[in-house]
Amino acid sequence: MGVQENGNGLVGGKNKYKRMESDVLEEDTVLSSNHQDQEGVYVEKRDTRIYLLACAIFASLNSVLLGYDVGVMSGAILFIKEDLKISEVQEEVLVGILSIVSLLGSLAGGKMSDAIGRKWTIAFATLVFQSGAAIMTLAPSFTVLMSGRILAGVGIGFGVMIAPVYIAEISPSAVRGSLTSFPEIFINLGILLGYISNYAFSGLPVHINWRVMLGIGILPSIFMGVALFVIPESPRWLVGQNRIEEARTVLSKTNDSEKEAEERLAEIQLAADLANSEKHEAKAVWQELLKPSPAVRKMLITGCGIQCFQQITGIDATVYYSPTIFKDAGIKSETHLLAATVAVGFTKTIFYLNSYISHRQRGSKTFALHKHHWNDCQLAFSEPYTIFHE
């Protein structure tokens, strides 16, 4: 009997051990499944961020066009003046007309983006700039050159206006601030590329070099044309057109989870319904700007004030006329002139990237302060450089 009991006990013990082993295996399976799920979520989030980054970069290529045009014209104007025999007044009009025309393009871009969509407004901006750049490259006279520059200015105005709007509308709130800074970064990169182009092609014959400099500006717009097959339409515009399923598809690609995509879609639909119910016409918007509420007034003062004091420093004039400033300061060689502008471009770009990193770490206010400090540094950079060469 005792042996039998011991035997039963042993058998029961074996069953117990078998159950424990089964529990351990089951727990390992669950942990392994959870680990795989976590890896899948991580990969999905990484792919989403890469896709968002690609969309922001492609949308910002139009900002490269503005920066490149500003940078390249500063050096190309030296050779245009010599080749086409234009006067100083014509030189000033040629350089300054871009700002006026791009302003008009920006004002018209809002209406067009509401009518045909953000993505195709970017496409239109690219096409118009390509046409203008091609005309400038082949221009036989000042009149034709001006017509090409006006076209290019319109394209730049459309592109610079729509890029931050598009990026803000496709980006989740967690990364929206960082991604909407891309157009400004790409403007500075474009200025640097324009300076480098001036230096690289300055050795060509005078009737060819400035045409090549201006023609190179077509390349970013070609990349932009290719990018149109990659980037999606703005989900906010799609909702406004009652294309809800298409908007849901875009949001599923730009958000980390389906839940976030649905929450974002609900927010956009609520905002669209509110806009439709209040009938936000252009006249109402302008009335809100001219007679703002206290909250809107504070935002207007802040936004317009920052932009005003940024431009009042004269930094754009310094960028446009860097070679002329260095020439008047005593640098005679055209190679040295354009090399000096490349140094200015590198300084501007590096300091701006430093400010961008500060923006991500410390916030937008610190970013704005750093940006103005770096503008001051750039303005001061030319003085020791020219003294050294004298």
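At-a-glance table
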read-out: Selection status of HIS389, surrounded by fewer than 19 Cβ atoms within 10 Å (Cβ to Cβ), more than 25 Å from the chain's Cα centre (by Cα) and either among the aliphatic types (A, V, I, L, M) or modelled with pLDDT of 60 or more (or both); value: no
read-out: Every residue from segment 56-114 that is among the acidic types (Asp, Glu) and free of Cβ contacts under 8 Å to residues at least 40 places away in the same chain; value: GLU88, GLU91, GLU92
read-out: Selection count where residues are open to solvent by 10 Å² or more (accessible area, probe 1.4 Å), in a helix (DSSP H, G or I) and not small (Gly, Ala, Ser), scope segment 133-157; value: 10
read-out: Identity of the residue in segment 284-338, assigned to a loop (DSSP other than H, G, I, E, B) and among the polar types (S, T, N, Q), that ends up farthest from LEU192 (Cα to Cα); value: SER293
read-out: Any chance ALA108 is open to solvent by less than 50 Å² (accessible area, probe 1.4 Å), over 23 Å from the mean Cα position of the chain (by Cα) and not polar (S, T, N, Q); value: no
read-out: Filter result for the condition that a residue is open to solvent by 40 Å² or more (accessible area, probe 1.4 Å), out of contact with any helix residue (DSSP H, G or I) (no Cβ under 8 Å at 6 or more places or on another chain) and within 15 Å of ALA59 (Cα to Cα), over VAL160, VAL165, VAL226, VAL230; value: VAL226
read-out: Residue check, THR341 within 24 Å of the chain's Cα centre (by Cα), of a type in the set (Val, Ile, Thr), in a helix (DSSP H, G or I) and within 23 Å of PHE201 (Cβ to Cβ); value: yes
read-out: Segment 191-207, residues that are open to solvent by less than 60 Å² (accessible area, probe 1.4 Å) and not in a helix (DSSP H, G or I); value: SER202
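The values are calculated or read from the model by the stated rules, or taken from the named source; none is laboratory data. Keep in mind that this is a model prediction, so the values were computed, not measured. Glycine gets a Cβ as well: all are built from the backbone with ideal geometry, and neighbour counts include every protein chain shown. Surface accessibility is based on the protein's heavy atoms, side chains included, excluding ligands, DNA and RNA. Shrake-Rupley method; radii C 1.70, N 1.55, O 1.52, S 1.80 Å.
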